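Structure first, commentary second.
The values are calculated or read from the model by the stated rules, or taken from the named source; none is laboratory data. Small disclaimer: the values here were computed from a predicted structure and weren't measured. Positions of Cβ are backbone-derived with ideal geometry, glycine not excepted, and every protein chain shown enters the neighbour counts.
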């Protein structure tokens, strides 16, 4: 037994050395990796959604409470879609609306701040920017219909999460309106400045909108005062002298004065610039087709396309010519820098 002990300890010694040598050889080259490298390795294992930039916040000035409400961008988009488009519209139409709402706010945040927005907010909750209501307000508004309506809105926004509309690698001016007269307008025919993707297109689905036809009755005196004309003396009810490619009034001559269709719409507070009128006794009966400025996406047109089986990408491609769908997070760094 005594003769075996040296052999035993010798074997143990060689076993220990065989383990230690590789470790000693590797140690000089195995310093801790920088934290950034570790983070990259960790991030690479995450799903794509979790690798995105931190969520951008939107500061909304609430006109009733006169306070600022800060919330994540996607939550803001939900509040806008719920406020700007009927929740019972087709899912693909709601998705298209989500794209316009998200594109609008990303584009707006990239611009320099507006001085007239109180308390350093990004936007107001009115039509001056986008109408926005939070969930508590929607619960009060929708009552028993809140759950199904909100679920539908959330699903539409989630399905387009992080997507915006771009043209020439820039977020577009994603204008929209309720109902066309059968055609949308060129941007330059309403706002004077041409925009390559805001071109007049057919929108035949709008005839099914409950807002397609509207009538407004006003006194002759009121009509004259608002336009500063005298049709009683001249007997001239006006003549349309030019129309836009969207079949709306471009110019009208009344009593020797020329007005643009937009001027008449705003002065008389009409639903659209496709109008005509007739005198009945002491009143003027004005008939309009469509509802809104007519530039960009028609909401009822979008819903009509969706009912025919068109997807949201088909809808936005129809109303915004030549645009692409891009990831919003590419612009988040610029948004932070612009604030």
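Can you name every residue in region 270-285 that is closer than 24 Å to residue 182 by Cα and free of Cβ contacts under 8 Å to residues at least 40 places away in the same chain? Steps first, answer last, please.
Step one: of region 270-285, the residues closer than 24 Å to residue 182 by Cα are 270-278, 285.
Passing the criteria: 275, 276.
Right, residue 95: in the same structural domain as residue 304 (by TED's automatic domain parsing), surrounded by fewer than 24 Cβ atoms within 10 Å (Cβ to Cβ), within 22 Å of residue 298 (Cα to Cα) and touching a helix residue (DSSP H, G or I) at 6+ places or on another chain (Cβ under 9 Å) or not?
Judged against the criteria, residue 95 is not a match.
On the basis of being assigned by TED's automatic domain parsing to the domain that holds residue 60, farther than 23 Å from residue 302 by Cβ, in a helix (DSSP H, G or I) and in contact with a strand residue (DSSP E or B) (Cβ under 6 Å, 6 or more places away or on another chain), does residue 119 make the cut?
On the way: assigned by TED's automatic domain parsing to the domain that holds residue 60: yes; farther than 23 Å from residue 302 by Cβ: yes; in a helix (DSSP H, G or I): yes; in contact with a strand residue (DSSP E or B) (Cβ under 6 Å, 6 or more places away or on another chain): yes.
Considered against the rule, which asks whether it is assigned by TED's automatic domain parsing to the domain that holds residue 60, farther than 23 Å from residue 302 by Cβ, in a helix (DSSP H, G or I) and in contact with a strand residue (DSSP E or B) (Cβ under 6 Å, 6 or more places away or on another chain), residue 119 comes out as yes.
Given the residues 60, 80, 64, which is the only one that is in contact with a helix residue (DSSP H, G or I) (Cβ under 6 Å, 6 or more places away or on another chain) and either modelled with pLDDT of 95 or more or not assigned by TED's automatic domain parsing to the domain that holds residue 315 (or both)?
Details: 60 fails: in contact with a helix residue (DSSP H, G or I) (Cβ under 6 Å, 6 or more places away or on another chain); 64 fails: in contact with a helix residue (DSSP H, G or I) (Cβ under 6 Å, 6 or more places away or on another chain).
Every option except 80 fails the conditions.
Among the residues examined, residue 146 does not qualify as more than 27 Å from the chain's Cα centre (by Cα) and part of a helix (DSSP H, G or I). Annotation note: of 214, 206, 222, 189, the sole residue that is in contact with a strand residue (DSSP E or B) (Cβ under 9 Å, 6 or more places away or on another chain) and part of a strand (DSSP E or B) is 214. Is it the case that residue 141 is modelled with pLDDT of 95 or more and within 16 Å of residue 175 (Cα to Cα)? The answer is no for residue 141.
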